[in-house]
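The structure under discussion appears below in the form of structure tokens.
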Ligand SMILES: [Zn+2]
Ligand SMILES: [Zn+2]
């Protein structure tokens, strides 16, 4: 399994927002500028068959309409029906987001499959087992995903604060990408304080910091532990 980081930031930095490509056909999160990040790969948009959405914030979801609109602008008649997986309400949320796009004249909610997940839901896709785990992003539901293949697992939290379920999540992963957004943990995000604690608690796990504010991103502590655009993680 190969994960390529296309974007790993929140909305408040100059870097691109959350978008992680797994193998050549899955996008985990599709932040507001994910389309621009994706086209740097030179790959056809239609290669992406599965979108895994962690939660309904712009830096994780609002690239979907641009991505899919562009597919259908480029290819008027096309047999392309990707699947979008996300928390309960993903279809209704996408319909609202898609409606904000004035670039197309048709309703493309019929051109995608939606799968609503619950805590513990899993699905198989091209030999990868994908399991959703409910974490805690304050008033917004967030699911972290663990992708497993050949006995190895990589996890991505989406946005969460420090919550009991996070420990179980990390323990299921060989590599875990966590949103170390701020210096200090708050009700919605993990901070560097939590990251230091987790590094000590799990010395045999590869823990990586993603979704960082600029001050966190540039910390010397994180230089070999941060997720960067263009990084490839193989497991
Ligand atoms: Zn975010
Ligand atoms: Zn968020």
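Where a number appears in this text, it was derived from the coordinates with a stated rule and is not lab data. Quantities reported herein were computed from a predicted structural model and do not represent experimental measurements. Counting neighbours? That spans all protein chains shown, and the Cβs are built from the backbone with ideal geometry, glycine included.
Residues are listed down the side, and each one gets a yes or a no for (1) over 25 Å from residue 67 (Cβ atoms); (2) within 14 Å of ligand 1 (Cβ to nearest atom):
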site: 114; (1), (2): no, no
site: 117; (1), (2): no, no
site: 126; (1), (2): no, no
site: 131; (1), (2): no, no
site: 144; (1), (2): no, yes
site: 169; (1), (2): yes, no
site: 180; (1), (2): yes, yes
site: 192; (1), (2): yes, no
site: 199; (1), (2): yes, no
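Limited to segment 52-89, what total is found for residues that are in contact (Cβ under 8 Å) with a residue 24 or more places away in the chain and away from ligand 1 (no atom under 16 Å from the Cβ)?
20
Can you pull out the residues in segment 168-187 that are closer than 9 Å to residue 208 by Cα and within 16 Å of ligand 2 (Cβ to nearest atom)?
177, 178, 179, 180
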